[in-house]
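Notes follow the structure.
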Amino acid sequence: LCRGGLAERLCRLQNRERSAISFWRHQCISDAKIPSDKSGVLIVKILEIFEECTIQVAICQQLEQSPATLSPEDAVINAEEPILKVLFTRETAAHLKSRPQDVIHIYPPWQKLLLQNADVPVIMNTYFSQKVLLGEHSEAREKTYGLTKMLIRKNIISLAQTFRIDDLNDKLLQQSSDNQVACAPQTHNNGDSKQHPLALSAVNDSLLEMVESQGAVGWREVQVRVVIQRVYCLPAREGCRSHAQGNKPLCATPIADSGPPNVRLCLLVQDAYGMFSEVQLQSLSSTDDTEQFCRRWEGKSCCLAGMKILQRTTRGRALGLFSLIDSLWPPVVPVKVPGQSQDSEMMTTNLPPPSFCYILTVQSGEIHVEVDEEEQISNLYQPPAVHGLKEILRIDGCNERCSFWAQVLYRRLQTKHSVPIDQREMLLFVTDSTLQNVVHGIPKVVAVSVTASCVLTMEIIEALSAGSRLVFFKDALWGNGRIICVERTVLLLQKPLLCSAAGADLSELTGPVRLDELDSTTQANSVCALRGTVVGVNESTAFSWPTCNRCGNGKLELCPQDRELLYCNQCSEVVTTPVLKMQLEVFLSCPSRSQSTVKVKVWHEISVALFVLLTMLLFLQTYEVQSVLGKEVGLLNCYVHSVTSHPNCVVLEEIVLL
């Protein structure tokens, strides 16, 4: 807001007004009595209540006084006392929870508005209002009524009636006059299976209009029609498991124990005006459902109901969310413009990107999302644009979302012991045909950092553990020379049914994978191929240990029955043919880094046939280090731990590609 402008002054005025109302209500509650000052107090008895344009309208009869000894039902009313039309805002109505026959005290500064051609005065500015409960009978009545929700008639006034447009046909006028619905906010008739609980609800196409009209409390009796642009999961602290079957609405079922993985299914939706909103549904018990929801729901239209606002976030507070929104902007088809005629020629795409977004969540026990899976893909849907890795590495922007199809060659869990395993970052080293065919200038393998906030399905985790796989990375983040999988990034084993290749070379790899050789441009936390000559061996760090030949367990024990045999606790069997693993650090002289000390941690697996011989050589000290010095080392696949200039040293570790 401009400093000193009208909008800023209005905002301050509204804040002071809200504070004054809250303080007044708190004072009434703490005093536990009706304010003693009755000067200027308007006392009314409610006869009828209905809602119009989000304002609760109460037809009331003015009372001269409210006898302290009588209940509101027994209050004597003079038929000649005036009838008033009292307006309550949504917040005031929710605070009063008033019903017909209730007596309300309205404190100054209320205002009376006299309308032309209207006999009933209108009472406005009723923020300082209090419902009067007199006697035990009224308190018992209030407790009884408090357990049920009252049906409130809602008058929907069309703009045609408001502006008195005369060229409407009789059908539209009849439909508008009959369009009055009674809403039960938290309950619906489950016995009538023929009619959908939302069948009587009005359907809107504007998220912003719903937020402004329904408020933050929740959308009880209205629906908003939107398009699902993305489906993904976010880590959930606590929640409920959700169930969705076919075209049925998604409903909530509380859970007692949401064991790992506990993730929340989320939808990024867009309305006809181009506005985005993130809908956080209940938690899923398994991440394996994510891929099927992506295939069934993305690109389809859906109706939202029973929503409430969790947060209104801005670009500065949610960079990850807005980087995804920016990748979907501008819309692929013209969108409606608020406040303008909605004819097709008035729709435009020359709009600034959204600067705020509402985070919506579901209200437990109510209908939330109804997806028409049989409907055609919406024209507003933007499928992920798939690029080759070579093209992505040449993007100049920062925090750009990108999607690609790549072969995972090696994965590595970051070893930060102070961080729990489930919160550690994982590196996936990937390549594709666009990188393997490059002669120079661009690396043949790139690292993709997978943060702990990126939810991976068990199918992906198991597939990467089994071997090298082709993985589709959807909506990864590119910036500062790195590709990062963050919140709202989805990894799939299959390409989406809808994706835009944009002319990229997505052909699969045919020959063997090549790594970049170690040179002056090699950086830490990368992989490379290494060749050189052995110039030294670090004997003090060399060690070996037996492992199980079935499961690879490196913590074998002596067999209780036979102390000469080894026993595996994981397999619960005797290990007769263990595999000996050895670690040895060697120093190499590499022509590509002639000025650097190159230290490589080499791993070896030796079969049991060599176990005895190797042990004898070590104990008899017949193993000569000089016998390996000067030996040429072929192309080793290595992970680069560190690269330092003072001292000039490169530390690597031999790895086995998937």
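Side notes on the structure shown:
- None of SER323, SER283 is in contact with a Ser or Thr (Cβ under 9 Å, 6 or more places away or on another chain), open to solvent by less than 20 Å² (accessible area, probe 1.4 Å) and closer than 30 Å to LEU493 by Cβ except SER283.
- If the condition is being outside any loop (DSSP other than H, G, I, E, B) and either among the aromatic types (Phe, Trp, Tyr) or under 30 Å from VAL537 (Cβ atoms) (or both), then the range 560-585 contributes LEU566, TYR567, VAL575, VAL579, LEU580, LYS581, MET582, GLN583, LEU584, GLU585.
- Any hit, the range 288-299, residues being under 30 Å from LYS154 (Cβ atoms) and either modelled with pLDDT under 75 or open to solvent by less than 50 Å² (accessible area, probe 1.4 Å) (or both): no
- The set of residues in the range 382-399 being among the aliphatic types (A, V, I, L, M) and either free of Cβ contacts under 8 Å to residues at least 12 places away in the same chain or in a loop (DSSP other than H, G, I, E, B) (or both) consists of ILE395 alone.
- Where strands (runs of 3 or more DSSP E) fall entirely within the range 72-140, those with at least 1 residues that are within 14 Å of ILE43 (Cβ to Cβ), touching a strand residue (DSSP E or B) at 6+ places or on another chain (Cβ under 6 Å) and at pLDDT below 90 are at 129-132.
- Whichever residue in the range 542-559 is of a type outside the set (Phe, Trp, Tyr) and outside any loop (DSSP other than H, G, I, E, B) and, among such residues, is least open to solvent (accessible area, probe 1.4 Å): THR547
- Restricting the range 472-514 to residues that are among the hydrophobic types (A, V, I, L, M, F, W, C) and modelled with pLDDT under 80, the residue that is surrounded by the most Cβ atoms within 10 Å (Cβ to Cβ): ALA504
- Some residue of the range 365-374 being of a type outside the set (Val, Ile, Thr), modelled with pLDDT of 90 or more and open to solvent by less than 60 Å² (accessible area, probe 1.4 Å): no
- Candidates GLN14, GLN61 - the one that is polar (S, T, N, Q) and modelled with pLDDT of 90 or more: GLN61
- Only residues that are outside any helix (DSSP H, G or I) and either open to solvent by 20 Å² or more (accessible area, probe 1.4 Å) or not aliphatic (A, V, I, L, M) (or both) were counted across the range 446-463, and they come to 9.
- Condition met for ARG153 (modelled with pLDDT under 65, surrounded by 14 or more Cβ atoms within 10 Å (Cβ to Cβ), in contact with an Asp or Glu (Cβ under 9 Å, 6 or more places away or on another chain) and not polar (S, T, N, Q)): no
- First in the range 2-17 and assigned by the TED database to the domain that holds TYR127, second anywhere and open to solvent by less than 80 Å² (accessible area, probe 1.4 Å), Cβ under 7 Å, 6 or more apart: CYS2/GLU8
- Any pair with Cβ under 8 angstrom, 6 or more apart, that starts in the range 118-130 at a residue that is open to solvent by less than 50 Å² (accessible area, probe 1.4 Å) and ends at one that is in a strand (DSSP E or B) and aromatic (Phe, Trp, Tyr): THR126/PHE88; SER129/PHE88
Results for (1) β-branched (Val, Ile, Thr); (2) at pLDDT below 85; (3) assigned to a strand (DSSP E or B); (4) surrounded by 15 or more Cβ atoms within 10 Å (Cβ to Cβ), shown as yes or no for each residue.
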residue: THR615; (1), (2), (3), (4): yes, yes, no, no
residue: GLN621; (1), (2), (3), (4): no, yes, no, no
residue: GLY630; (1), (2), (3), (4): no, yes, no, no
residue: GLY634; (1), (2), (3), (4): no, yes, yes, no
residue: ASN637; (1), (2), (3), (4): no, no, yes, yes
residue: VAL640; (1), (2), (3), (4): yes, no, yes, yes
residue: VAL643; (1), (2), (3), (4): yes, no, yes, yes
residue: VAL650; (1), (2), (3), (4): yes, no, yes, yes
residue: LEU658; (1), (2), (3), (4): no, yes, no, yes
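- For the range 517-541, taking the residues that are part of a strand (DSSP E or B) and within 48 Å of the chain's Cα centre (by Cα), the one that is surrounded by the fewest Cβ atoms within 10 Å (Cβ to Cβ) is identified as THR541.
The values are calculated or read from the model by the stated rules, or taken from the named source; none is laboratory data. Please read all numbers here as calculations on a predicted model, not as lab measurements. Note that we place each Cβ from the backbone using ideal geometry, even for glycine, and neighbour counts take in every protein chain shown. What goes into the accessible areas is simple: the full protein's heavy atoms, side chains included, and nothing from ligands, DNA or RNA. Shrake-Rupley method; radii C 1.70, N 1.55, O 1.52, S 1.80 Å.
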